[in-house]
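Engineer: Sharing a structure with you now.
Every read-out reported here was derived from the displayed coordinates using simple, explicitly stated rules and does not represent laboratory data. Model, not experiment: these values are computed from the prediction. Neighbour counts run over all protein chains shown; Cβ positions are idealised from the backbone, glycine included.
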């Protein structure tokens, strides 16, 4: 059933977060990040998990599970996957950084309980007024964050698989066809991760207190960038990697091309970093990512209808389009919230119907077809309503041996989805 598959990348509609599933050519699956949203995903679990439960063989093979970093919009729902995966075979676990996350958390707690350090920091004029923030953070770590992540990490380690920490360099192949699929971590490179180790207690405290202007560090700096190479197809999954991480890693690879077998950041598919934030974008970055004279580069943006962020930023989209013009690259942009979409001229967007548990909203809709279709959140053939449960996300399919359709883009819909005329 799962032999000789094209490589498929599912970018699920989860609002403001990331949840990605790969079906590899040998039929095994790879999972990248685990956010889910109660509105878009009423099953109460990451849709990547819902997909494999309803559409894959019970003898599913898991090639890898990868967390880009530890922010909630990337790990919420991981415990659901762990519950499901504990009796499954998992080959590789890829975690960002060079330190055991439990070790880092314990260092954080130790710093937060260092009374002399707290006194020395808080008495400095530039850090005045931080006592309330310190008390809140200390309480959150001790009562919420630390217990949750401790349980989370212990359970993750209990599912088996070889754990690899993500620094620039070759990471072991995760699939049973090593000649066809290769995997690399391009970012953050070792120098930057070591800087983020924050061995200086004062730096750690300032980091925890969100005083980033004093340490020049961002919580997304540790976010890994994963490169998968399948024959001539290159896929880049950039998590929430920051502008600084991209720039430093690209400079590093110029000097150390052997690290990734002379690969660089050029890609045929890109999961755009940080939901399309302008803080993770730059014209130079996109000029390095988009291949010269490419006939087809697909870019996926996982964003929701967040009122504050309003991702993807227009500045990021402008960087992408300007770089595409400079590199003479033909691109398609596909966002789960519909903002900034620009379909590739020669690649039609099709439909993929999958088995999916019916949400309450769809059941109600089926009995109210005489009502206003837009209000009901139905999907029309010409336009999607990204906030609807009906739109599950996109599937990007790569089949280099198929001369007719080597690349396909499909909207993923439930079998029971109701389409407006």
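Engineer: Note down the nm distance, to one decimal, between modelled labels 7 Å out along Cα→Cβ at residue 283 and at residue 57.
Structural biologist: Calculated label separation equals 5.1 nm.
Engineer: Going by average Cβ density within 10 Å per residue, which order do the peptides 270-276, 86-92, 334-340 take, highest to lowest?
Structural biologist: Highest mean packing first, the order is 270-276, 334-340, 86-92.
Engineer: Can you tell me how much longer the chain between residue 261 and residue 72 gets when fully stretched, taken as 0.36 nm per residue apart minus their C-alpha distance, in nm with one decimal?
Structural biologist: Value of the extension gain: 64.7 nm.
Engineer: Take 281, 257 and order them by how many other Cβ atoms sit within 10 Å, fewest up front.
Structural biologist: 257, 281
Engineer: To continue, here is another question. Note down the nm distance, to one decimal, between modelled labels 7 Å out along Cα→Cβ at residue 315 and at residue 122.
Structural biologist: Result for the modelled spin labels: 3.5 nm.
Engineer: Can you work out the FRET efficiency for the pair residue 355 and residue 103, with r the C-beta to C-beta distance and R0 = 60 Å, to the nearest 0.05?
Structural biologist: So, using R0 = 60 Å, E works out to roughly 0.90.
Engineer: So, one more: State the extension gain, in nm to one decimal, for the chain segment bounded by residue 140 and residue 154, taking 0.36 nm per residue of separation less the distance between their alpha-carbons.
Structural biologist: Contour length minus Cα-Cα distance gives 3.1 nm.
Engineer: Further, regarding this structure: Assuming 0.36 nm per residue, please report the length gained on full extension of the stretch residue 345 to residue 415 beyond their Cα-Cα distance.
Structural biologist: Working: separation 70, 0.36 × 70 = 25.20 nm, distance 2.74 nm.
Result: 22.5 nm gained on full extension.
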